[in-house]
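The values are calculated or read from the model by the stated rules, or taken from the named source; none is laboratory data. What you are looking at is a predicted structure, and each value in this text was computed from that prediction instead of being measured. Don't worry about glycine lacking a Cβ; one is built from the backbone with ideal geometry, like all the others, and counts go over all protein chains shown. Calculation scope for accessible area: heavy atoms of the full protein, side chains included, ligands and nucleic acids excluded. Shrake-Rupley method; radii C 1.70, N 1.55, O 1.52, S 1.80 Å.
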Amino acid sequence: MAENTFFSKIIQREIPADIVFQDERVTAFRDINPQAPTHILIVPNKVIPTVNDVSPDDENTLGHLFIVAKKLAEDEGIAEHGYRLLINCGAHGNQEVFHLHMHLVGGKPLGRMLSRNVREE
Ligand code: 5GP
């Protein structure tokens, strides 16, 4: 079983965060450094470090992330105009916290998916 993470402490309410949704499988809280008017992290309660660590047992939980994302987008009033869901993986994905999480970002036009100054290597 993967080690507890910083996000686990938020999920277990040992560290404060602005939690907007929680059930037995998933916790969602506002990003501390929002990139848009709505920026929420939707996190499986179980520690899965990266997408590379996903197993077939996780299928229901990971599908549930989308159900929660859709609900939160409606709650935030951003569903109609659209939003972005993204999951970073590993070094090239710029993942900072190794507890898989989906970003729900919206509330303004978000532009292109990748900035033009990401250099080809
Ligand atoms: P990643 O780059 O791993 O996909 O995203 C990690 C996200 O976690 C970042 O957007 C960062 O702002 C957010 N974050 C880092 N530390 C904290 C924290 O202590 N509280 C909250 N709410 N978000 C955090």
Which listed pairs, of K70/K108; K9/K46; K9/K108, have C-alpha distances above 21 Å, in listed order: K9/K108
Extension gain from E24 to F6, taking 0.36 nm per residue of separation minus the Cα-Cα distance: 4.6 nm
Given charges of +1 on the Cβ of Lys and Arg and -1 on the Cβ of Asp and Glu, with all other atoms neutral, how large is the dipole of the chain about its Cα centre, in debye to the nearest 20? 400
If the chain between Q35 and D53 were fully stretched, how many nm would it gain, using 0.36 nm times the residue separation less the Cα-Cα distance? 3.8 nm
Beta carbons within 10 angstrom, averaged per residue: use that to sort the peptides 17-23, 108-114, 36-42, highest first. 36-42, 17-23, 108-114
Using a 7 Å offset from Cα along Cα-Cβ at I15, what residues in the stretch 77-99 end up with backbone N under 11 Å from the label point? 97-99
Hey, any idea what % of the stretch 6-106's accessible area is carbon plus sulfur with a 1.4 Å probe? 50
Among the stretch 13-31, those whose backbone N falls under 20 Å of a label point 7 Å along Cα→Cβ from N60 are 22-28
What number comes out for accessible area per residue over the chain if the probe is 1.4 Å? Units Å², please. 67
